[in-house]
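Single-structure report; data block below.
A short reminder: the numbers here are calculations on the coordinates, not readings from a lab. Keep in mind that what you see is a predicted model, and the values were worked out from it rather than measured. In this analysis, Cβ positions are derived from the backbone assuming ideal geometry, glycine residues included, and neighbour counts consider all displayed protein chains.
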Amino acid sequence: MGKECLPWTDGNVSTDYTCQGNILVGEETMLAMARTFEQTTGPLCDRLVAALAAGQAAGGDSRGQQSAALLVVRERGGYGGFNDRFIDLRVDDHPTPIDELQRILQLHKLYLFPTNRQDILVIDAAIAHELQELLTATGDYQGPISDTYDEMTRSAFRSFSGRENLEERWFEDARIDRVVLEFLRGKAKGI
């Protein structure tokens, strides 16, 4: 890069991406980021955070860690389609900013990503039973454990979903998003 840059500074350019860094521990930081981005599958946001984590694991910034950010744009991809900022997350001051970025990315995906078809479960007797137990633990359900997804259970689950901002993943019929079920399991355990 430029002659005024502090060591180690460079970039890695490919057909589909570019990695750039300044004041890095060394070249392996950049190579680890590129390699991880190329080898990771899944959504772009996950590939980018995996690349950041790999770069940090390979040495990262020679000054240590402080911040991390993720910006993914998609035409009308922002909340309600009002802008192009599909994902715009920042961690400005944290002892482990990439871990924190990963945590808030998972929350962003929970609240704003659409349900995947393969994650839609029919609420059968076993799931109804579990829902009633979990919703009892969260204080949303006060009825009997009946193994039936009745109106009392549906109402408690609707209250939980609304309070937790999960309306985008709510189904009026007897279905549940697996991601919401996992989230509810964590909430019931106090996680």
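Brief remarks follow.
- Per-residue Cβ neighbour rank within 10 angstrom, fewest leading, Phe157, Phe113, Phe86: Phe113, Phe86, Phe157
- Check: the chain dipole with +1 on Lys, Arg Cβ and -1 on Asp, Glu Cβ, in debye: 140
- Each of the peptides 101-109, 53-61 was scored by the mean count of other Cβ atoms within 10 Å over its residues; in descending order, highest first, they stand as 53-61, 101-109.
- Nearest 10 degrees, 0 to 90: helix 44-57 Cα axis against the chain principal axis: 50
- A Förster radius of 22 Å combined with the Cβ-Cβ distance from Thr40 to Asp84 puts the calculated FRET efficiency at roughly 0.40.
- Cβ-Cβ FRET estimate between Ala125 and Ser159, R0 fixed at 22 Å, reported to 0.05: 0.50
- Calculated SAXS-style log₁₀ I(q)/I(0) at q = 0.23 Å⁻¹ - segment 95-145, Debye, Cα scatterers: -0.89
- Working note: Cα gyration tensor of the chain, eigenvalues times five, square-rooted, sorted largest first, giving semi-axes of 43, 17, 14 Å.
- For a paramagnetic label modelled on Thr136 (point 7 Å from Cα along Cα→Cβ), amide N atoms under 17 Å away belong, within segment 144-175, to 144-157.
- When peptides 118-128, 31-41 are ranked by their average number of other Cβ atoms within 10 Å per residue, the highest-first order is 31-41, 118-128.
- For a label point 7 Å along the Cα-to-beta-carbon line of Arg74, residues of segment 25-51 with backbone N under 16 Å: 42-49
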